[in-house]
1. Using a Förster radius of 45 Å, what is the FRET efficiency between Asn440 and Ser139 based on their Cβ-Cβ separation? Nearest 0.05, please.
2. Step by step: find N for segment 161-288, compute 2.2 N^0.38 Å, then divide the Cα radius of gyration by it. What's the final number?
3. Per residue of segment 325-340, what does 6.51 cos²θ - 1.76 cosθ + 1.60 with θ = phi - 60° give for ³J(HN,Hα)? Whole Hz please, x for Gly and Pro, Karplus curve as stated.
4. What does DSSP give for the chain in terms of the percent of beta bridges that are antiparallel, rounded to the nearest 5?
5. Lys103: net charge of surrounding residues, Cβ under 11 Å, Lys/Arg +1, Asp/Glu -1, itself excluded?
6. Tell me, what is the 1.4 Å probe accessible area of Glu120, in Å² to the nearest 10?
7. Can you work out the FRET efficiency for the pair Asn311 and Thr403, with r the C-beta to C-beta distance and R0 = 35 Å, to the nearest 0.05?
8. Quick check: the angle from helix 45-57's long axis to the longest principal axis of the chain, C-alpha only, nearest 10 degrees?
Amino acid sequence: MISKITACLFLMILLTGLNPLQAKPKEDFYITDYGAVGNGKTDNAIAIQKAIDACSKSGGGKVIVPAGKVFMAGPFNLKSNIEFIVEVNATVIANPDEQVYRKSAFRENKGEGTIWIGGENLINVTICGAGTLDGNGVSFMGAELEDSFVLKPFNVIDPRPHLLTVVGGRNIRIRDLTIRNSAYWTVHLIGCNDVAIDNITLLNNLKVRNSDGIDLDHSKNVRISNCYIESGDDCICLKNRREYEEFGPCQNIVVSNCTMTSRSCAIKIGSENMDSISHVLINNCIIKKSNRGIGIQNRDEGTVSDVIFSNIIVDSHLFSDVWWGKAEPIYVTAYPRAKGNNKDAGWRFPKGETEGRVGAVTNIYFSNIRGVSENGVYVGGSTADKVSGIVFDQVDLTIDKTTGITGGSYDRRPSNVEGLLKGLTSAFYFDQANHITIRNSAVVWGNHRPDYFGHLVESHGVTDLKIVNLEGESAFPGKIEKIKKVN
(Lines give C-alpha, C1' and ligand atoms only; values in the text may rest on other atoms or scores of the structure.)
Protein backbone atom coordinates (compact mmCIF):
# COMPACT_ATOMS: atom_id res chain seq x y z
CA MET A 1 0.00 0.00 0.00
CA ILE A 2 1.40 3.40 -1.00
CA SER A 3 1.97 5.74 1.96
CA LYS A 4 0.54 9.25 1.97
CA ILE A 5 4.08 10.74 1.79
CA THR A 6 5.02 8.62 -1.22
CA ALA A 7 1.78 9.55 -2.91
CA CYS A 8 2.45 13.24 -2.35
CA LEU A 9 5.96 12.93 -3.77
CA PHE A 10 4.63 11.06 -6.81
CA LEU A 11 1.97 13.72 -7.36
CA MET A 12 4.62 16.49 -7.11
CA ILE A 13 6.72 14.80 -9.79
CA LEU A 14 3.71 14.49 -12.08
CA LEU A 15 2.64 18.12 -11.61
CA THR A 16 6.04 19.83 -11.77
CA GLY A 17 8.27 17.46 -13.68
CA LEU A 18 10.90 17.89 -10.95
CA ASN A 19 12.50 15.28 -8.75
CA PRO A 20 12.10 16.64 -5.21
CA LEU A 21 15.21 14.72 -4.16
CA GLN A 22 17.46 16.61 -6.58
CA ALA A 23 19.94 18.90 -4.78
CA LYS A 24 20.04 21.39 -7.64
CA PRO A 25 16.90 22.51 -9.50
CA LYS A 26 16.94 21.99 -13.22
CA GLU A 27 17.16 25.69 -14.02
CA ASP A 28 20.26 26.32 -11.86
CA PHE A 29 23.65 26.30 -13.60
CA TYR A 30 26.48 26.00 -11.08
CA ILE A 31 29.81 27.04 -12.57
CA THR A 32 31.48 24.12 -10.76
CA ASP A 33 29.40 21.72 -12.86
CA TYR A 34 31.16 23.15 -15.90
CA GLY A 35 34.68 22.77 -14.56
CA ALA A 36 35.23 25.83 -12.38
CA VAL A 37 37.74 25.34 -9.58
CA GLY A 38 37.55 27.61 -6.55
CA ASN A 39 41.20 27.69 -5.55
CA GLY A 40 41.86 31.36 -6.41
CA LYS A 41 44.56 30.33 -8.90
CA THR A 42 42.91 28.55 -11.84
CA ASP A 43 41.51 30.74 -14.62
CA ASN A 44 37.82 29.80 -14.75
CA ALA A 45 36.73 32.07 -17.60
CA ILE A 46 36.01 29.12 -19.92
CA ALA A 47 34.01 27.26 -17.26
CA ILE A 48 31.99 30.35 -16.34
CA GLN A 49 31.30 31.06 -20.01
CA LYS A 50 30.14 27.46 -20.54
CA ALA A 51 27.68 27.79 -17.66
CA ILE A 52 26.37 31.10 -19.04
CA ASP A 53 26.06 29.70 -22.56
CA ALA A 54 24.24 26.59 -21.35
CA CYS A 55 21.84 28.68 -19.28
CA SER A 56 21.14 30.97 -22.22
CA LYS A 57 20.65 28.06 -24.60
CA SER A 58 18.12 26.49 -22.24
CA GLY A 59 15.99 29.65 -22.31
CA GLY A 60 17.48 31.35 -19.27
CA GLY A 61 17.82 30.79 -15.56
CA LYS A 62 20.35 31.12 -12.75
CA VAL A 63 24.11 30.91 -13.17
CA ILE A 64 25.50 30.36 -9.69
CA VAL A 65 28.93 30.97 -8.22
CA PRO A 66 28.81 28.70 -5.14
CA ALA A 67 29.47 29.97 -1.65
CA GLY A 68 32.72 29.95 0.22
CA LYS A 69 35.30 29.85 -2.59
CA VAL A 70 37.41 32.20 -4.70
CA PHE A 71 37.15 31.78 -8.46
CA MET A 72 39.78 33.59 -10.53
CA ALA A 73 38.78 34.36 -14.12
CA GLY A 74 39.79 36.24 -17.22
CA PRO A 75 37.20 37.98 -19.43
CA PHE A 76 33.75 36.47 -19.93
CA ASN A 77 30.42 37.70 -21.33
CA LEU A 78 26.93 37.72 -19.88
CA LYS A 79 23.90 36.81 -22.00
CA SER A 80 20.18 37.65 -21.93
CA ASN A 81 17.64 36.15 -19.52
CA ILE A 82 20.24 35.23 -16.91
CA GLU A 83 20.48 35.81 -13.19
CA PHE A 84 24.18 35.74 -12.34
CA ILE A 85 24.34 34.93 -8.63
CA VAL A 86 27.50 35.20 -6.54
CA GLU A 87 26.58 33.42 -3.34
CA VAL A 88 27.55 34.56 0.14
CA ASN A 89 31.29 34.43 0.85
CA ALA A 90 32.03 33.61 -2.79
CA THR A 91 34.36 35.78 -4.86
CA VAL A 92 35.01 36.09 -8.58
CA ILE A 93 38.37 37.82 -8.97
CA ALA A 94 39.96 39.14 -12.17
CA ASN A 95 42.97 37.37 -13.61
CA PRO A 96 46.01 39.62 -12.94
CA ASP A 97 47.63 38.65 -16.26
CA GLU A 98 47.44 41.73 -18.48
CA GLN A 99 47.80 39.61 -21.63
CA VAL A 100 44.29 38.11 -21.35
CA TYR A 101 42.59 41.50 -21.71
CA ARG A 102 42.32 42.42 -25.39
CA LYS A 103 38.83 43.84 -26.01
CA SER A 104 38.71 47.64 -25.78
CA ALA A 105 36.12 49.21 -23.49
CA PHE A 106 35.67 52.00 -26.06
CA ARG A 107 35.64 50.20 -29.39
CA GLU A 108 38.32 51.61 -31.71
CA ASN A 109 39.61 53.91 -28.97
CA LYS A 110 41.99 51.43 -27.41
CA GLY A 111 43.77 53.71 -24.98
CA GLU A 112 41.24 53.68 -22.14
CA GLY A 113 41.06 50.19 -20.79
CA THR A 114 39.63 46.79 -21.64
CA ILE A 115 36.64 44.68 -20.57
CA TRP A 116 36.58 42.01 -17.89
CA ILE A 117 32.87 41.14 -17.45
CA GLY A 118 31.00 42.26 -20.55
CA GLY A 119 27.81 41.89 -22.53
CA GLU A 120 26.09 43.46 -25.53
CA ASN A 121 22.41 43.77 -26.44
CA LEU A 122 21.38 42.14 -23.18
CA ILE A 123 17.76 41.76 -22.08
CA ASN A 124 16.56 40.72 -18.62
CA VAL A 125 19.88 40.35 -16.79
CA THR A 126 20.33 40.39 -13.03
CA ILE A 127 23.68 40.39 -11.23
CA CYS A 128 23.20 39.74 -7.54
CA GLY A 129 24.05 37.75 -4.43
CA ALA A 130 25.80 38.37 -1.14
CA GLY A 131 29.21 37.61 -2.63
CA THR A 132 31.91 39.71 -4.29
CA LEU A 133 33.15 40.71 -7.73
CA ASP A 134 36.81 41.74 -7.34
CA GLY A 135 38.66 43.54 -10.15
CA ASN A 136 42.09 42.83 -8.62
CA GLY A 137 42.91 46.42 -9.49
CA VAL A 138 46.23 46.97 -7.72
CA SER A 139 47.71 44.11 -9.77
CA PHE A 140 47.52 46.39 -12.81
CA MET A 141 49.15 49.41 -11.15
CA GLY A 142 52.71 50.67 -11.12
CA ALA A 143 54.55 51.93 -8.06
CA GLU A 144 52.53 53.21 -5.12
CA LEU A 145 52.85 56.92 -4.37
CA GLU A 146 51.66 58.92 -1.39
CA ASP A 147 48.22 59.66 -2.86
CA SER A 148 48.00 57.49 -6.01
CA PHE A 149 49.61 54.77 -8.09
CA VAL A 150 51.86 55.26 -11.09
CA LEU A 151 50.04 54.23 -14.26
CA LYS A 152 52.06 51.74 -16.28
CA PRO A 153 53.04 52.69 -19.84
CA PHE A 154 51.39 50.72 -22.63
CA ASN A 155 51.50 50.30 -26.39
CA VAL A 156 48.16 50.95 -28.17
CA ILE A 157 45.95 48.98 -25.75
CA ASP A 158 45.73 49.99 -22.10
CA PRO A 159 45.19 46.54 -20.53
CA ARG A 160 43.59 47.79 -17.32
CA PRO A 161 40.15 46.11 -17.25
CA HIS A 162 36.88 47.86 -16.55
CA LEU A 163 35.09 45.56 -14.13
CA LEU A 164 31.61 45.42 -15.75
CA THR A 165 30.66 46.84 -19.16
CA VAL A 166 27.15 46.42 -20.58
CA VAL A 167 26.42 47.86 -24.03
CA GLY A 168 22.83 48.14 -25.20
CA GLY A 169 21.10 46.56 -22.20
CA ARG A 170 17.42 46.53 -21.28
CA ASN A 171 15.90 45.54 -17.95
CA ILE A 172 19.23 45.31 -16.15
CA ARG A 173 19.31 44.71 -12.37
CA ILE A 174 22.39 44.89 -10.13
CA ARG A 175 21.74 44.35 -6.43
CA ASP A 176 22.97 43.10 -3.06
CA LEU A 177 26.60 42.65 -4.14
CA THR A 178 30.01 43.80 -3.04
CA ILE A 179 31.95 45.07 -6.05
CA ARG A 180 35.51 46.13 -5.40
CA ASN A 181 39.06 46.85 -6.52
CA SER A 182 38.50 47.91 -10.10
CA ALA A 183 41.56 48.85 -12.15
CA TYR A 184 39.51 51.27 -14.29
CA TRP A 185 35.80 52.15 -14.36
CA THR A 186 33.76 49.73 -12.28
CA VAL A 187 30.14 49.58 -13.51
CA HIS A 188 29.87 51.08 -17.01
CA LEU A 189 26.38 50.98 -18.55
CA ILE A 190 26.24 52.18 -22.16
CA GLY A 191 23.00 52.70 -24.04
CA CYS A 192 21.05 50.88 -21.35
CA ASN A 193 17.33 51.40 -20.73
CA ASP A 194 15.42 50.46 -17.58
CA VAL A 195 18.17 49.84 -15.03
CA ALA A 196 17.97 49.41 -11.26
CA ILE A 197 21.10 49.36 -9.10
CA ASP A 198 20.24 48.76 -5.46
CA ASN A 199 22.03 47.95 -2.23
CA ILE A 200 25.52 47.43 -3.58
CA THR A 201 28.76 48.13 -1.72
CA LEU A 202 31.37 49.40 -4.17
CA LEU A 203 34.85 49.69 -2.70
CA ASN A 204 37.75 50.74 -4.89
CA ASN A 205 41.25 51.58 -3.77
CA LEU A 206 41.23 55.35 -3.27
CA LYS A 207 44.68 55.65 -4.85
CA VAL A 208 43.65 54.10 -8.19
CA ARG A 209 43.11 56.77 -10.83
CA ASN A 210 40.21 56.34 -13.30
CA SER A 211 38.48 53.96 -10.88
CA ASP A 212 34.99 55.46 -11.32
CA GLY A 213 32.21 53.76 -9.40
CA ILE A 214 29.10 53.82 -11.62
CA ASP A 215 29.15 55.43 -15.08
CA LEU A 216 25.85 55.92 -16.91
CA ASP A 217 26.72 56.51 -20.55
CA HIS A 218 23.92 57.35 -23.02
CA SER A 219 21.56 55.51 -20.63
CA LYS A 220 17.92 56.15 -19.76
CA ASN A 221 15.40 55.37 -17.03
CA VAL A 222 17.96 54.42 -14.40
CA ARG A 223 17.48 54.15 -10.63
CA ILE A 224 20.45 53.97 -8.26
CA SER A 225 19.57 53.57 -4.59
CA ASN A 226 20.85 52.51 -1.18
CA CYS A 227 24.49 52.16 -2.25
CA TYR A 228 27.78 52.74 -0.45
CA ILE A 229 30.58 53.80 -2.82
CA GLU A 230 34.27 54.57 -2.32
CA SER A 231 36.26 55.31 -5.45
CA GLY A 232 39.46 57.06 -6.40
CA ASP A 233 37.68 58.76 -9.28
CA ASP A 234 34.02 59.83 -9.57
CA CYS A 235 31.54 57.74 -7.56
CA ILE A 236 28.51 58.25 -9.83
CA CYS A 237 28.98 59.87 -13.22
CA LEU A 238 26.57 60.68 -16.07
CA LYS A 239 27.97 61.16 -19.54
CA ASN A 240 27.66 60.68 -23.29
CA ARG A 241 30.87 59.30 -24.79
CA ARG A 242 31.59 59.94 -28.45
CA GLU A 243 32.46 56.28 -29.12
CA TYR A 244 28.84 55.27 -28.49
CA GLU A 245 26.99 58.25 -29.94
CA GLU A 246 24.30 56.12 -31.66
CA PHE A 247 22.62 55.48 -28.30
CA GLY A 248 21.43 59.08 -27.89
CA PRO A 249 20.91 61.16 -24.74
CA CYS A 250 21.31 60.26 -21.08
CA GLN A 251 18.05 61.06 -19.31
CA ASN A 252 15.52 60.15 -16.63
CA ILE A 253 18.02 59.29 -13.89
CA VAL A 254 17.22 59.01 -10.17
CA VAL A 255 19.88 58.61 -7.48
CA SER A 256 18.76 58.27 -3.86
CA ASN A 257 19.96 57.23 -0.42
CA CYS A 258 23.63 56.75 -1.29
CA THR A 259 26.81 57.41 0.70
CA MET A 260 29.97 58.27 -1.24
CA THR A 261 33.68 59.04 -0.90
CA SER A 262 35.83 60.17 -3.85
CA ARG A 263 39.27 61.59 -4.59
CA SER A 264 37.74 63.39 -7.56
CA CYS A 265 34.01 64.22 -7.67
CA ALA A 266 31.44 62.17 -5.76
CA ILE A 267 28.50 63.00 -8.04
CA LYS A 268 29.48 64.25 -11.49
CA ILE A 269 27.76 65.12 -14.74
CA GLY A 270 30.36 65.17 -17.57
CA SER A 271 33.03 65.71 -18.56
CA GLU A 272 32.42 63.67 -21.74
CA ASN A 273 29.10 64.83 -23.14
CA MET A 274 28.50 65.00 -26.88
CA ASP A 275 24.68 64.69 -26.63
CA SER A 276 22.33 65.82 -23.83
CA ILE A 277 21.90 64.96 -20.18
CA SER A 278 18.55 65.91 -18.67
CA HIS A 279 15.81 65.12 -16.18
CA VAL A 280 17.97 64.02 -13.29
CA LEU A 281 17.02 63.79 -9.61
CA ILE A 282 19.70 63.23 -6.94
CA ASN A 283 18.29 63.11 -3.43
CA ASN A 284 19.08 62.04 0.15
CA CYS A 285 22.82 61.43 -0.18
CA ILE A 286 25.89 61.79 2.02
CA ILE A 287 29.30 62.72 0.60
CA LYS A 288 32.19 62.17 3.01
CA LYS A 289 35.93 62.85 2.83
CA SER A 290 35.79 63.73 -0.84
CA ASN A 291 37.61 66.18 -3.07
CA ARG A 292 34.80 67.78 -5.04
CA GLY A 293 31.25 67.09 -3.80
CA ILE A 294 28.71 67.75 -6.58
CA GLY A 295 29.96 68.67 -10.05
CA ILE A 296 28.60 69.54 -13.46
CA GLN A 297 31.62 69.59 -15.74
CA ASN A 298 30.48 70.24 -19.30
CA ARG A 299 33.36 70.22 -21.81
CA ASP A 300 31.76 69.15 -25.10
CA GLU A 301 28.92 70.25 -27.39
CA GLY A 302 26.26 68.37 -25.44
CA THR A 303 23.88 70.11 -23.04
CA VAL A 304 22.92 69.61 -19.41
CA SER A 305 19.47 70.69 -18.21
CA ASP A 306 16.73 70.11 -15.67
CA VAL A 307 18.72 68.64 -12.79
CA ILE A 308 17.72 68.76 -9.11
CA PHE A 309 20.10 68.05 -6.21
CA SER A 310 18.35 67.92 -2.85
CA ASN A 311 18.89 66.85 0.76
CA ILE A 312 22.63 66.25 0.50
CA ILE A 313 25.42 66.52 3.07
CA VAL A 314 28.85 67.32 1.59
CA ASP A 315 32.20 66.99 3.37
CA SER A 316 35.06 67.95 1.03
CA HIS A 317 38.70 68.88 1.38
CA LEU A 318 41.86 69.34 -0.68
CA PHE A 319 43.96 66.65 -2.32
CA SER A 320 46.98 66.90 -4.63
CA ASP A 321 46.76 68.11 -8.24
CA VAL A 322 46.77 64.48 -9.43
CA TRP A 323 43.02 64.60 -8.80
CA TRP A 324 40.64 67.04 -10.49
CA GLY A 325 38.93 69.32 -8.03
CA LYS A 326 39.83 71.85 -5.36
CA ALA A 327 37.42 70.92 -2.58
CA GLU A 328 34.47 72.73 -4.20
CA PRO A 329 31.31 71.46 -2.47
CA ILE A 330 29.26 72.45 -5.55
CA TYR A 331 30.69 73.06 -9.01
CA VAL A 332 28.84 74.04 -12.21
CA THR A 333 30.90 74.77 -15.33
CA ALA A 334 30.75 74.90 -19.13
CA TYR A 335 34.06 75.37 -20.93
CA PRO A 336 35.26 74.00 -24.28
CA ARG A 337 37.61 71.07 -23.89
CA ALA A 338 41.34 71.78 -23.90
CA LYS A 339 43.21 70.97 -27.07
CA GLY A 340 45.37 67.97 -26.44
CA ASN A 341 48.08 65.74 -27.76
CA ASN A 342 47.42 62.93 -25.32
CA LYS A 343 46.70 59.26 -26.02
CA ASP A 344 43.01 59.75 -26.83
CA ALA A 345 42.94 63.29 -28.24
CA GLY A 346 41.49 62.03 -31.50
CA TRP A 347 38.39 60.80 -29.69
CA ARG A 348 37.68 63.92 -27.65
CA PHE A 349 36.54 66.22 -30.46
CA PRO A 350 33.95 65.76 -33.23
CA LYS A 351 35.27 63.69 -36.09
CA GLY A 352 37.67 65.63 -38.29
CA GLU A 353 37.96 68.54 -35.83
CA THR A 354 40.91 69.53 -33.69
CA GLU A 355 39.09 71.70 -31.20
CA GLY A 356 35.71 71.53 -29.56
CA ARG A 357 32.83 73.70 -28.45
CA VAL A 358 30.67 73.55 -25.36
CA GLY A 359 26.91 73.24 -24.89
CA ALA A 360 24.80 75.09 -22.36
CA VAL A 361 24.09 74.14 -18.75
CA THR A 362 20.60 75.33 -17.77
CA ASN A 363 17.95 74.93 -15.09
CA ILE A 364 20.00 73.41 -12.27
CA TYR A 365 18.48 73.44 -8.79
CA PHE A 366 20.22 72.88 -5.44
CA SER A 367 17.94 72.50 -2.42
CA ASN A 368 18.75 71.77 1.23
CA ILE A 369 22.48 71.18 0.82
CA ARG A 370 24.78 71.24 3.86
CA GLY A 371 28.48 71.58 3.07
CA VAL A 372 31.67 71.60 5.14
CA SER A 373 34.62 72.39 2.91
CA GLU A 374 37.96 74.10 2.36
CA ASN A 375 36.53 75.91 -0.66
CA GLY A 376 33.32 77.51 -1.83
CA VAL A 377 30.77 77.01 -4.57
CA TYR A 378 32.08 77.69 -8.08
CA VAL A 379 29.93 78.47 -11.15
CA GLY A 380 31.49 79.52 -14.45
CA GLY A 381 31.24 79.40 -18.22
CA SER A 382 33.25 80.38 -21.26
CA THR A 383 30.53 82.97 -21.92
CA ALA A 384 27.59 83.98 -19.77
CA ASP A 385 25.00 82.28 -21.99
CA LYS A 386 26.57 78.87 -21.39
CA VAL A 387 25.48 78.72 -17.74
CA SER A 388 22.05 79.99 -16.73
CA GLY A 389 19.13 79.31 -14.46
CA ILE A 390 21.14 78.12 -11.43
CA VAL A 391 19.25 78.19 -8.10
CA PHE A 392 20.74 77.73 -4.62
CA ASP A 393 17.92 77.32 -2.10
CA GLN A 394 18.75 76.48 1.53
CA VAL A 395 22.42 75.89 0.78
CA ASP A 396 24.36 76.25 4.04
CA LEU A 397 28.16 76.19 3.99
CA THR A 398 30.87 76.02 6.62
CA ILE A 399 34.26 76.90 5.13
CA ASP A 400 37.35 76.03 7.16
CA LYS A 401 40.98 75.07 6.56
CA THR A 402 41.37 71.39 7.46
CA THR A 403 44.45 70.12 5.57
CA GLY A 404 48.03 71.24 5.00
CA ILE A 405 47.47 71.63 1.24
CA THR A 406 47.39 75.23 0.03
CA GLY A 407 44.12 76.40 -1.49
CA GLY A 408 43.16 79.67 -3.13
CA SER A 409 42.21 78.24 -6.50
CA TYR A 410 39.35 76.66 -8.45
CA ASP A 411 39.94 73.69 -10.76
CA ARG A 412 38.61 74.12 -14.30
CA ARG A 413 40.46 71.23 -15.94
CA PRO A 414 40.17 69.95 -18.67
CA SER A 415 39.37 73.18 -20.50
CA ASN A 416 40.83 75.76 -22.85
CA VAL A 417 40.94 78.36 -20.09
CA GLU A 418 43.39 78.53 -17.21
CA GLY A 419 43.07 75.14 -15.52
CA LEU A 420 43.69 76.24 -11.95
CA LEU A 421 42.12 79.66 -11.47
CA LYS A 422 43.88 81.57 -8.70
CA GLY A 423 41.90 83.91 -6.48
CA LEU A 424 40.29 84.41 -3.14
CA THR A 425 38.23 81.55 -1.76
CA SER A 426 34.74 83.01 -1.63
CA ALA A 427 31.70 81.16 -0.36
CA PHE A 428 30.00 81.66 -3.74
CA TYR A 429 32.18 82.47 -6.75
CA PHE A 430 30.46 83.16 -10.08
CA ASP A 431 32.35 83.82 -13.32
CA GLN A 432 30.34 84.45 -16.52
CA ALA A 433 26.77 83.23 -16.03
CA ASN A 434 23.15 84.37 -16.30
CA HIS A 435 20.18 84.18 -13.96
CA ILE A 436 21.64 82.93 -10.67
CA THR A 437 19.58 82.91 -7.49
CA ILE A 438 20.74 82.43 -3.89
CA ARG A 439 17.95 82.33 -1.32
CA ASN A 440 17.41 81.24 2.27
CA SER A 441 21.04 80.18 2.62
CA ALA A 442 23.85 80.77 5.12
CA VAL A 443 27.66 80.77 5.32
CA VAL A 444 29.88 80.30 8.37
CA TRP A 445 33.67 80.66 8.26
CA GLY A 446 35.63 78.31 10.53
CA ASN A 447 38.37 79.17 13.01
CA HIS A 448 41.20 78.41 10.57
CA ARG A 449 41.17 81.20 8.01
CA PRO A 450 44.16 81.60 5.69
CA ASP A 451 44.65 84.98 4.07
CA TYR A 452 43.19 83.75 0.77
CA PHE A 453 39.74 83.29 2.32
CA GLY A 454 37.53 86.02 0.90
CA HIS A 455 34.05 87.26 0.09
CA LEU A 456 30.64 85.91 0.89
CA VAL A 457 29.74 86.32 -2.80
CA GLU A 458 32.07 87.22 -5.66
CA SER A 459 30.70 87.56 -9.18
CA HIS A 460 32.25 88.45 -12.54
CA GLY A 461 30.18 89.08 -15.64
CA VAL A 462 26.93 87.78 -14.17
CA THR A 463 23.58 89.02 -15.45
CA ASP A 464 20.55 88.84 -13.13
CA LEU A 465 22.10 87.77 -9.82
CA LYS A 466 19.39 87.56 -7.14
CA ILE A 467 20.34 87.26 -3.45
CA VAL A 468 17.46 86.82 -1.02
CA ASN A 469 17.98 86.11 2.67
CA LEU A 470 21.63 85.06 2.54
CA GLU A 471 23.15 85.06 6.03
CA GLY A 472 26.87 85.54 6.60
CA GLU A 473 29.82 87.86 6.19
CA SER A 474 33.14 87.80 4.40
CA ALA A 475 35.94 85.75 5.94
CA PHE A 476 37.48 88.97 7.32
CA PRO A 477 34.73 91.52 7.97
CA GLY A 478 36.01 95.09 7.81
CA LYS A 479 38.97 94.06 5.65
CA ILE A 480 37.26 92.30 2.76
CA GLU A 481 33.91 93.37 1.37
CA LYS A 482 30.99 91.02 1.84
CA ILE A 483 29.75 91.02 -1.74
CA LYS A 484 31.96 91.82 -4.72
CA LYS A 485 30.40 92.33 -8.14
CA VAL A 486 32.39 92.96 -11.31
CA ASN A 487 30.45 93.43 -14.53
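The values are calculated or read from the model by the stated rules, or taken from the named source; none is laboratory data. Keep in mind that this is a model prediction, so the values were computed, not measured. Neighbour counts run over all protein chains shown; Cβ positions are idealised from the backbone, glycine included. Quick note on the areas: whole protein, heavy atoms, side chains included, nothing else; ligands and nucleic acids left out. Shrake-Rupley method; radii C 1.70, N 1.55, O 1.52, S 1.80 Å.
1. On the way: r = 50 Å, r/R0 = 1.11.
It comes to 0.35.
2. On the way: Rg = 12.9 Å, N = 128, 2.2 N^0.38 = 13.9 Å.
Ratio of Cα Rg to 2.2 N^0.38 Å: 0.93.
3. Values, residue by residue: x, 10, 6, 6, x, 9, 8, 10, 9, 8, 10, x, 4, 5, 5, x Hz.
4. Details: 6 of 169 bridges.
Here the share of antiparallel DSSP bridges comes out near 5 percent.
5. Numbers: positive: Arg102, Arg107, Lys110; negative: Glu120.
Net charge around Lys103: +2.
6. 100 Å²
7. So, using R0 = 35 Å, E works out to roughly 0.85.
8. Roughly 70 degrees between the two axes.
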